[in-house]
Amino acid sequence: MIDELFDRNVAWATGRTRSDPDYFRRLAEQQVPRYLWLGCSDSRVPANDIVGLDPGEVFVHRNVGNVVHTGDMNLLSVLEFAVETLQVKHIIVCGHYGCGGIRRAFEPPGGGGLVDHWLAPVREMCRRCAPDLAQLPNDAARMDRACELNVELQLRRIAATPILRGAWQRQQSITVHGWIYGLGDGLLRDLGLKLSSLDDAECLDREDDFAGLTEPITMVRRHAEEAFAGLSMLELQLLEEG
């Protein structure tokens, strides 16, 4: 089964070279993606495939539930590299209908595991939005709406990061989009969520739909500082041990 993956890789590389002999040479020289994709780890939502882009055209970060944690070193380093080094023009926060992470967030925490901890802000969102979700006709509609609301929540959280706010303060051209993908038809849908400046972000901040779910800017900054400070301490420890 594992060997089959190598066979498939050879077939893929051979096919690429046959149709474009210089493909891998160009790809190896540099990557110049215009897009940063923040999506779910679900194996049915491969970023490059669903937007029809080749390797090198989209910079990708994925996790369970496409969640933005403001102290997540993994996400922060991806965001910083995309914004400051790659100079991406668009950040796409993309959820999907039928998300297992959102479904799990509707359930009581299962013993305090890592996934339950990870999904805590999504679970709180579901709890806060329960009265509105209850107005929908069935569980499927409630799940779909929760998946959409989660995109908005994560878009708000990434817009609060010092990295993105700093880029907008420098007048760097970056637009954050909120999209959702349909597993049943393979189509992307624009949720009409778009931020291109500090003014846009601050207008969204004044809306109280997610009051208490998005962290104050000071707390976001502190989380980022603590994350990087933690990394520095780890580096020092590794140097001492080495």
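If you take the beta carbon distance between D139 and H117 as r and set R0 to 30 Å, what does 1/(1 + (r/R0)^6) give as a FRET efficiency, to the nearest 0.05?
Computed FRET efficiency for D139 and H117 comes out at 0.75.
Take the Cβ-Cβ distance between D190 and T85 as r, set R0 to 30 Å, and report the resulting FRET efficiency rounded to the nearest 0.05.
According to the calculation, E is roughly 0.65.
So if the hydrodynamic radius of region 74-169 is defined as the Kirkwood radius over C-alpha pairs, what does Stokes-Einstein give as its diffusion coefficient at 37 °C and 0.692 mPa s, in µm² per second?
The Stokes-Einstein estimate is 220 µm²/s.
Expressed in nm to one decimal, what extension gain is obtained for the pair S43 and D200 from 0.36 nm per residue of sequence separation less their Cα-Cα distance?
Extra length from S43 to D200 when fully extended: 53.2 nm.
Where a number appears in this text, it was derived from the coordinates with a stated rule and is not lab data. Fair warning: this is a prediction, and the values are worked out from it, not measured in the lab. Counting neighbours? That spans all protein chains shown, and the Cβs are built from the backbone with ideal geometry, glycine included.
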